[in-house]
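Every read-out reported here was derived from the displayed coordinates using simple, explicitly stated rules and does not represent laboratory data. All values derive from a computational prediction rather than experimental measurement. Ideal geometry is used to build each Cβ from the backbone, glycine not excepted, and the neighbour counts take in all protein chains shown.
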Amino acid sequence: MKTLWITAEEALAQLGTKPQTLYANVSRGRIRAKPDPTDPRRSLYQADDVQRLAERHAGRRQTATVAAQTIRWGDPVLTTTISSIAGGRLFYRGCDATELSSKATLEDIAILLWETQGVAIKAGGFSIEGRSRLAAALGDLATRVAEDLPALGRNPATLRTEAADVLSTVAAGLAPWPDQMPLHQRLALGWKRPEAAEPIRKSLVLAAEHELNVSAFAARVTASSGAALSAATLSGLATLTGPRHGGSWLSVTRLAQQARSVGVREAIRGMLSSEGAVRAFGHQLYPHGDPRAKVIMASFQVPALYGSLAEAGEELLGEPANIDFALASLAATFDLPEEAPLVIFALSRTVGWLAHAMEQVESGHMIRPRARYSGPTG
């Protein structure tokens with residue numbers, strides 16, 4: 001086979017580098033070179049060596065580009081067996097979440113996602129001493145973080161037992177109740193709305209897990225350091241409070257308030273003009289509509305105002321209502337406290353955070369991305 005040699009100009013065009021880099025690669029033995037027989041002052045470079053190095057550099061550039069894109073709604077950046085979203089459907093370990101919601105409780109979902117035989121949730125937290133439920137859960141978790149053992153190096157069965165205890169701590173703050181009963185009933189009775197128990201049950205099941213959302217990723221990052229399960233849960237809960245995540249329901253209530261004054265269509269137009277988005281509608285992972293929202297809203301009689309908003313939103317924006325809209329509708333239907341959507345979301349998602357934390361600990365890997373510096377160089 002004949003060996004091909006190319007000029008410096010041809011090599012630089014393939015590599016996309018400066019002459020100094022080409023010479024450095026020659027000196028390090030990465031690219032073979034020889035004098036040009038037609039001009040001893042010039043060199044020729046082995047074509048195969050240049051091509052191999054060019055492909056390697058292209059791969060690195062592609063990897064960097066993909067990595068930058070994945071951090072913003074791109075392909076999954078971590079492998080998980082917990083949940084997946086495909087074909088407009090949400091699956092928990094291969095089981096359709098909407099089908100599970102027909103009968104399962106949040107405790108059943110914990111058994112499924114944690115791959116355990118049973119989950120014992122302790123009663124407690126009947127008095128939260130004037131604090132909001134969210135503040136109670138955050139405070140109780142923070143207290144645990146200072147006392148709990150690191151998760152790293154511990155038996156998986158032991159971690160699953162501890163996960164149930166962490167969920168009990170969160171439930172004591174978010175769903176305080178003195179007696180042993182399913183979590184959806186604790187919420188309904190605590191809010192003195194027993195008739196809301198069934199829609200709350202469905203909501204808890206459908207909001208329990210949602211792949212690598214920002215709060216689950218935060219929980220995994222914390223768990224990857226070896227920190228306690230309570231620390232990972234606290235990271236997830238703190239992240240959930242953001243207005244672009246668990247706090248999105250607030251934009252729904254603002255939209256409803258505005259609609260009462262100016263009408264549903266004008267309210268949607270106004271929010272779109274002022275905020276550039278109406279977060280009550282659409283979801284990037286569900287191009288044909290959020291299936292969770294459909295199931296939740298089918299479990300109660302949606303108030304006329306919210307029904308009109310849902311219709312107008314789909315007409316004007318081309319996007320059906322999402323789970324944030326559904327939880328806000330549930331709260332409005334049963335006259336639940338203002339923080340109810342976030343409480344439901346947080347209690348439910350705790351199960352998912354703990355599943356992610358345990359999976360990350362068992363993987364043995366630490367999550368540590370590199371930064372691409374773009375500031376001054378001195």
Label-to-label distance, nm, for residues given as residue 373 and residue 142 (7 Å Cα→Cβ offset):
3.4
About the Cα centre of the range 247-377, how large is the charge dipole given +1 on each Lys and Arg Cβ and -1 on each Asp and Glu Cβ? Please answer in debye to the nearest 20.
420
Compute the separation of the alpha-carbon centres of the range 288-360 and the range 83-125 and state it in Å as a whole number.
17
For residue 5, other-chain or 5+-apart residues with amide H closer than 5 Å (H placed, Pro excluded) are 47
Candidates 324, 148, 165; GNM for the chain (alpha-carbon contacts under 10 Å) flags as most fluctuating 148
Quick one: Karplus J couplings for the range 111-125, per residue in order, coefficients 6.51, -1.76, 1.60, θ = phi - 60°, nearest Hz, x for Gly and Pro?
4, 5, 6, 8, 6, 10, 7, x, 10, 9, 9, 6, 6, x, x
Going from the fewest other Cβ atoms within 10 Å to the most, one would list 315, 107 as 315, 107
Label points 7 Å out from Cα along the Cβ direction at residue 23 and residue 9: separation in nm?
1.9
Any chance you could count the Lys pairs in the chain whose alpha carbons are under 30 Å apart, treating pairs 8 or more apart or on different chains as valid?
12
Selection from 351, 263, 305, by position along the positive dipole direction of the range 105-378 (Cβ):
263
Tilt of helix 229-240 relative to the longest C-alpha principal axis of the chain, in degrees (0 to 90, nearest 10)?
90
Could you tell me which of 35, 249, 177 has its Cα farthest along the dipole of the chain towards the positive end, charges placed at Cβ (Lys, Arg +1; Asp, Glu -1), taken about the Cα centre?
35
Nearest-20 debye value, the chain charge dipole, Cβ charges on Lys, Arg, Asp, Glu
1380
If the elastic network links every pair of Cα atoms under 10 Å, which of 216, 304, 110 fluctuates the most in the Gaussian network model of the chain?
304
Which ³J(HN,Hα) values in Hz, rounded to whole numbers, follow from the phi angles of the range 268-278 under the Karplus curve 6.51 cos²θ - 1.76 cosθ + 1.60, where θ = phi - 60° and Gly and Pro get x?
5, 4, x, 5, 5, 6, 7, 10, x, 6, 10
Calc'd 3J(HN,Hα), the range 27-35, phi into Karplus 6.51 cos²θ - 1.76 cosθ + 1.60 (θ = phi - 60°), Hz, glycine/Pro = x, comes to 5, 8, x, 7, 10, 7, 9, 8, x
Looking at the chain, I'd like the Rg to Rh ratio, where Rg is from alpha-carbon atoms and Rh is Kirkwood's inverse mean 1/r.
1.14
